[in-house]
Amino acid sequence: MRNIFVIAGRELAGYFATPVAAVFIVIFLVLQGVLTFNAGGFFTRGQADLVPFFEFLPWVFLLLVPAISMRLWAEERRLGTIELLLTLPVTDAEAVIGKFLAAWLFCIIALALTFPFVITVNILGSPDNGVIAAGYLGGVLVSGAFLAVGSATSAMTKNQVIAFVLGVAISFVFAVSGYSVVTDFLDRNLPVLASIARGFSVIQRFRAISQGLLSLSDVVFFASFICFWLFLNVIVVDHRKAS
């Protein structure tokens with residue numbers, strides 16, 4: 001565990017040692033603000049809640065999270081520092097988990113900086129803060145899911161652009177798999193896959209959580225999803241090291 005925390009600390013410090021952290025956080029906050037208050041019609045809805053905020057949150061993460069994860073391993077391979085990292089007395093799993101935790105904590109920090117949104121709705125009315133807390137938990141889980149995918153794709157290539165595109169594409173598949181346009185098509189052509197698609201829909205599960213319907217099955221799904229992609233990440237890193 002100590003090695004994991006050391007790597008996570010090193011990686012997290014690396015974010016704030018460059019303009020990456022500031023740029024990501026500013027873009028994230030501006031996008032969420034514009035989408036929530038303008039596109040989401042926050043002031044015209046006449047309700048003191050953060051429904052518009054959570055409606056757009058997973059889509060903003062879909063675009064921005066792969067931009068964070070794309071450098072986790074691709075940058076190491078491009079600079080040739082991955083060999084140095086893997087020769088240290090740490091296992092592949094520790095390196096993967098450490099890097100993932102640093103990126104996840106960075107996303108959580110960015111999400112926490114949206115606290116003025118919560119203050120705003122509490123000033124304007126009496127929202128259900130329990131539902132809001134559930135929505136934030138869902139946001140943490142979604143960011144973790146997209147990060148795990150992005151981390152695995154970053155390990156597959158040393159080109160950050162390719163890692164970004166792969167991360168967005170794969171995450172998008174899991175994001176839209178539960179939408180009616182997808183499930184209706186599968187119901188007509190491949191009924192067996194329709195139920196599987198519904199079960200693997202990241203955004204549909206997030207929506208249930210953001211509405212306050214926090215279930216153990218959804219938490220287990222996200223935990224399993226993250227663990228699967230991190231396991232794949234370890235396999236890719238081990239393969240790259242062996243070759």
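What follows is calculated from the coordinates using simple rules that are stated; it is not laboratory data. No experiment lies behind these values; they were computed from the predicted model shown. Here the Cβ is made from the backbone with ideal geometry for all residues, glycine too, and neighbour counts use every protein chain on show.
For segment 204-243, a tally of residues being in contact (Cβ under 8 Å) with a residue 12 or more places away in the chain and of a type in the set (S, T, N, Q) returns 4. Within the bounds of segment 178-193, is there any residue that is touching a residue at least 60 places away in the same chain (Cβ under 8 Å), aliphatic (A, V, I, L, M) and surrounded by fewer than 17 Cβ atoms within 10 Å (Cβ to Cβ)? Scanning segment 178-193, I find no residue that is touching a residue at least 60 places away in the same chain (Cβ under 8 Å), aliphatic (A, V, I, L, M) and surrounded by fewer than 17 Cβ atoms within 10 Å (Cβ to Cβ), so the answer is no. Close Cβ contacts (under 6 Å, 6 or more residues apart or on different chains) running from residues in segment 34-48 that are surrounded by 15 or more Cβ atoms within 10 Å (Cβ to Cβ) to residues that are part of a helix (DSSP H, G or I) comprise L35/F56; T36/P52; T36/F53; G40/P52; F42/T36; F42/P52; A48/V121; A48/L124.
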